Structures are given as structure tokens and as C-alpha cells.
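Data first, discussion second: the structure below is written as C-alpha cells.
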Amino acid sequence: MTALGLILLTSLFIAGFIVRIKSVASGRKGPGVLQPVKNVWVLLRKGSVYSEVSGIITRTAPILVLSALLVASLMVPAAGFPPLISFRGDFIMFAYLMAFSRFMMIITAFDSGSSFEGMGASREALYGMLIEPALFVLIAGLTVFTGGTSLSTIFDLTHGEGYSYVFGLIVAYIIGNITLVENSRIPVDDPKTHLELTMIHEVMVLDLSGFNLAMVQLTSMLKFAIFGSLIASAVIPWDLAPGARISLFIAVQLLFASAIGLTESFRSRYKMNRNQQYILTVSLISVLFFVIILFTKNIF
Amino acid sequence: MVILLYILFGISLVYIAATEKFSNYIRVYTLQGFLLFGMALAERESFSYVNLALILAETIIFKSVIVPWLLRRILQGTGIRNVHKRSLAGNYTVMIMILALGISLLLARMLAIHTADSTFLVIAFFTLFTGLVLISARKLIFGHLVGFLIIENSVFLFSIAIGKEFPLLVNAGILLDIFIAVLIMSIFMTRIGHRTGGFEAESLTKLTD
């Protein structure tokens, strides 16, 4: 229960913290850390407007998008605090819940009948497909390293034989990049762009409003917290006192949000045709990590 | 600590295969010189001063100072900045690199020599394939030049993997070969390249007496 509590708590401020970091980096005061939550609150109290061509999918998918992510978050450990649900091979269900969430988002975009949204949906599908191997290879490497078979054990890296802090850093780097792709952030996509032709995620939610848009925004916030939690679980020793783990967990989440904020402040997005190369490079680094794990465990 | 060097070296290979800016090639090659020095230091059990001086000369001085300086001069002299537009697209290069990593693993397993460190063998093969990918995927001679240098790095890694079985003299000979290749190519690019109408590898076929 603590793990879920920590994830939900950090999901409330992580998006705001990224915006705050970006504001400070560009010399502005910026909105408060809880501004995205306030925006969601405003949206929740508004009614939804639907296009004439949209059907049942647009009405139901946003809540399914958030639900899938919420169920996925039940399987994620938080710096040694066990998740609510844990079973052998739960990481496969975790990955497919994420994929299901993305799928619902994609068909929502198609349901709007807008060619722009269809274009964004096809990009989202491509990038989602390309980044999935990186996650699976990473999980395979961690499974080999720790001997665990569920998310609650494979991220306990510090107890693996032959552990090095380098492993924690590499895992953090790979998951960080996966987060950028999954959440459609710079360098893959720019959430602030106003040009539909260059949008990926933002163009898919153009026709959503009120409650539905709030669901999608909450999903995005939760996704950051889930990946941040995986990073925190990989780098924080699980045998520390609970208080220390909670403090370190929040510190890692803040550091993670700062890294994303700074990346978005000082880095431009790639041209659309360079995105595949970037995502494949992340997959290649993941494979490299897997190879190093094989040698560390003398399996090869 | 050695694991960090392995991983950084691997990432540097991934980066050099993916990047399209030649200035990045030089930066990565410079970094690889330092990483190789670190790996050589970490791997050897005992050192003589002569041995240490030779490794220092080969890695830091040659790979991280002299060659990058030479390469930078070539870039300044020729004005080329990026890989040729007709070069193999980055997506395919990265996919080939993933394949190359798999083949490197298989080769290292097939060649399981008891005197050789298999981790170094994998990295050495992967480096060799990266050099070959650069040579075959890039159209401009500069890409080929860096490809040769990367292959020389793989030879250095092989020498670390095999240890005592690989005489330093052989390594020095290969180093000299590569240095001459770099020198000849730099002469071609800075002195003759303008007359052949470009810096593409294909223009070398037009050379006659």
C-alpha cells in the first residue's frame, strides 16, 4: 500500500515540478508545482464536448486509458516497498497494460475522424512499437541479474551478486529515455508545440475536453511517477530504514523530474525522421546492458 | 569500475554509428583513447615503466591527442561537416549495429579461448564491426578514415583480451599501418581531394597515373 501511496503522491507534483524547472531554466518564475493538478481539477468540473463523428470509443476510452495505468501502478515497487499485486511474470502484464493504454489512446484519436489525429496516432503507434524491445530487453537483463521473476524482485538490484552502481545508472538512463518516448517529450515530441503537423501526443487529444482530457492528463502524470518509481527502485538499496527509503524515493523522483525539465530546456527536439534512430539507439544500449549482465553473471 | 569502462566504450560505439556529425566522430574517438587506457591499466596485473609508457603513447598521446588533432585539421581544411546525404540512413545503421552485437557474442563464444578474456573479445568484435559499418555505410572518405581508426581500436582490444600472447611489437606495427593510412587519406583529402571534385570514396576510383 505504501508503494501505491508514494507513486500516487509523487504523480501529483512531478509534472508541475518539470514545468517549474523549465521556467527557472528559462529565467521565469513559472506556475506553482501543483498547477497541473489544479488544471485537472478545473477540467473535471467541466462538461465534455464531442465531435459529431465520434462514437462510444471517445466517450469510454479516456477512462480506460487511466484505469490501465492505475492497474499497472499496482505492480510497481517503490524503493523496496512491495507493490499491491505481484506474481511471476507480472512485468509482461505491466508492459501490456501500458500498451493497452496506448492502444486506447490511439483508437480514440482515430475515432475523432480528424486526419491530424490519425497522423499523430500512427506516429505514437510506431514509437510505442519501437521502444517496447528496449523495455523488454532491460527487464530480461534485470531478471538474469537478480534471478527474480516479478517487478517486485527484479528491481532489487543492490542485492544482486556483482552489483555495481553503474548498473543502477544505466538502468536509470534507459528507463529515463523510455519515459521520454512513452510520454512524448523532447527530443521525440514537444508538448508545447502549436503546429499540428509536428505533434505526436498533443494532436491525439485535440478533440478531447473536460473530464476526458483530465483523464488523459492524469495518465501522463501517473506514467511519469511509475517510471520514476522504477528508477528509484533500481538505484536505492532496499535494506535501508523505511524513512530513509521514502526520503530517497522522493529525492530520486525530484531528480528525475529535474533531469527531464533540464533536458527540455536545453535540448531541441529531433526531426521526425530522426526519432526512429534515437529510439533504436536506446534499444541498442539496452541490448548492450543485457550483454554486460550476461558476462557479469558468467552465463556466457 | 572496469564495467563502467566497458559500458562507456560500448555506448561510444553506438553513438559513433548513429551520429551524423563528423566533429562528434572526433570527440568519440578522443574519448575512446582515454577509455582504452583505463581498460589496459585495469586489465594488466603488473607493469614495467616501458610497458606503461608504450600504452600511454598508444592510447592517450596517439589516439586522444595526435590523431584527433590531425582529424580536426582535415575537417577545417576540407570544410565538410556532416555525413553524405546518400549515406545509409541512421535507422538502418543502428539496426545493423544490434545485429553486429549479436554476431560479436556468437563469435566470442565460438572462439572461447581459455587464455582470452571473453568480455574483451565481445567488445573487440563489436568495435571491429562498428569500424566496418562506418566504412561501408558512409560515402565520404572521412567516415572511412574514422572507420579504420575504430578498427585499430578493436585490434588494441584484441591485444588486451589475449594479453601475453599478443606481442606489443605486432600492435605497434598495426598502429603504424593505420597511421600511414590516416596520413595518406588526409593528404588525399586536403591536397588532392579538391582536384578530383569531392571527398567521396568513389572519387578515388577516378585516380589515374
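Each reported figure results from applying straightforward, stated rules to the coordinates on display, with no laboratory input. A quick note: this is a predicted structure, and the numbers were derived from the prediction, not measured. Positions of Cβ are backbone-derived with ideal geometry, glycine not excepted, and every protein chain shown enters the neighbour counts.
The residue that is nearest to residue A:260 (Cα to Cα), among those in the stretch A:17-39 that are out of contact with any helix residue (DSSP H, G or I) (no Cβ under 6 Å at 6 or more places or on another chain) and part of a helix (DSSP H, G or I), is A:19. Taken as a whole, the structure places residue B:72 among residues that are touching a residue at least 40 places away in the same chain (Cβ under 8 Å), of a type in the set (Lys, Arg) and surrounded by fewer than 19 Cβ atoms within 10 Å (Cβ to Cβ).
For the stretch A:260-276, residues that are under 20 Å from the mean Cα position of the chain (by Cα) and assigned to a helix (DSSP H, G or I) total 8. Any residue that is surrounded by 21 or more Cβ atoms within 10 Å (Cβ to Cβ) and within 14 Å of chain B (Cβ to nearest Cβ) - is there at least one of those in the stretch A:263-275? Within the stretch A:263-275 (the criterion being surrounded by 21 or more Cβ atoms within 10 Å (Cβ to Cβ) and within 14 Å of chain B (Cβ to nearest Cβ)), the answer is yes, since at least one residue qualifies. Among the residues making up the stretch B:115-144, those that are more than 9 Å from the chain's Cα centre (by Cα) and more than 14 Å from chain A (Cβ to nearest Cβ) are B:115, B:132, B:134, B:135, B:136, B:138, B:139, B:140, B:141, B:142, B:143, B:144. Scanning the stretch B:71-98 for residues that are closer than 11 Å to residue B:138 by Cβ, within 14 Å of chain A (Cβ to nearest Cβ) and in a loop (DSSP other than H, G, I, E, B) gives B:83, B:87, B:88. Selection of the stretch B:1-38 for residues being over 15 Å from residue A:281 (Cβ atoms) and either of a type in the set (S, T, N, Q) or touching a Phe, Trp or Tyr at 6+ places or on another chain (Cβ under 7 Å) (or both) yields B:22, B:23, B:30, B:32, B:35, B:36. Name the single residue, out of those in the stretch B:18-70 being among the charged types (D, E, K, R) and part of a helix (DSSP H, G or I), that is farthest from the chain's Cα centre (by Cα). If we take residues in the stretch B:18-70 being among the charged types (D, E, K, R) and part of a helix (DSSP H, G or I), then B:43 is farthest from the chain's Cα centre (by Cα). Taken over the stretch A:81-107, the criterion of being part of a helix (DSSP H, G or I), farther than 25 Å from residue A:250 by Cα and small (Gly, Ala, Ser) is satisfied by A:99, A:101.
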